[in-house]
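The structure under discussion appears below in the form of structure tokens.
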């Protein structure tokens, strides 16, 4: 990616957390940013905040990545000036509950599989053909340490993030021989809405995840994405696996007294 004003970056799950931070990070470098998410009102506020902070040109599209037809339509209907996407950031994703794999509810199972795996494929399928046609572009997939290690209560979520890791590796093979780049950025504990969503709005339970330790910030992950995207064109960063100092493994976290 270059940082000219005509560079276009598309971020899914951009209404909060890592997606919102990524949109601002790339906007500050001069990119025009398409911010996408399900929650229209929250997305529009995030876009206003990013535009105010950066002065960048922001395009907002509310879409549920689990709806393949809706994804196809929203990308097909982009204004001509916004169609040549240089960087796609597949950030939309979620964890739901901490049940054993066999006891995961159908709603939680479908929610994680449809968003984390199918959603990534729906969006990539809509954007990648244009990158291949232009012989340039960069797909950045948000993975997780859960794509490397499994932890109790995370069976299904970890399976989806292992799938993201496999899709990332396979996607690079799919574009072999072209100038399109593929990267996974895989963070550990990041203090965002992630745990609040996992525990269905239970703020007390969510806060315990980050208690007495210093987790990554969404901005830290966004910085890693920007670094990967701004390497020289011949350099492909396959994956960035990152954790805060207080975390050494998926379930190994140092809690300060």
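Every number here is computed from the coordinates shown, using simple stated rules; none is lab data. Just so it is clear, the structure is predicted and the values come from calculations on it, not from any experiment. Cβ coordinates were reconstructed from backbone atoms using ideal geometry, including for glycine residues, and neighbour counts include every protein chain displayed.
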Stretch gain in nm, segment residue 149-residue 52, where the contour uses 0.36 nm per residue and the Cα spacing is subtracted: 31.0 nm
Just the number: Rg to Rh for the chain, Cα atoms, Kirkwood Rh, two decimals. 0.95
Under the definition of Cα pairs under 8 Å and six or more residues apart, what whole-number percent is the relative contact order of the chain? 19
Using Cα springs under 10 Å in a Gaussian network model of the chain, which residue among 54, 66, 124 shows the largest mean-square fluctuation? 54
Which angle between 0 and 90 degrees, to the nearest 10, do you get for helix 40-54 versus the longest principal axis of the chain when only C-alpha atoms count? 70
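Where does the stretch 1-153 land on Rg(C-alpha)/(2.2 N^0.38 Å)?
Working: Rg = 15.9 Å, N = 153, 2.2 N^0.38 = 14.9 Å.
Here the answer is 1.07, to two decimals.
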Going from the fewest other Cβ atoms within 10 Å to the most, one would list 99, 25 as 99, 25
With axes computed from alpha carbons, what is the tilt in degrees of helix 120-134 against the longest principal axis of the chain, rounded to the nearest 10 within 0 to 90? 30
Least to most buried among 254, 122 (fewest other Cβ within 10 Å first): 254, 122
Among 232-241, 13-22, how do they line up by average Cβ neighbours within 10 Å per residue, starting with the highest? 13-22, 232-241
Principal-axis tilt of helix 17-28 within the chain, Cα atoms, nearest 10 degrees: 30
Residue with peak Gaussian network fluctuation, the chain [Cα springs, cutoff 10 Å], from 194, 75, 26: 75
If you take every DSSP beta bridge whose two residues both sit in the stretch 8-253, what share of them, in percent to the nearest 5, is antiparallel? 5
Sum -39500 (n - 2.57) across every DSSP H segment of at least 4 residues in the chain, then divide by the residue count to get the 222 nm mean residue ellipticity, nearest 500. -12000 deg cm²/dmol
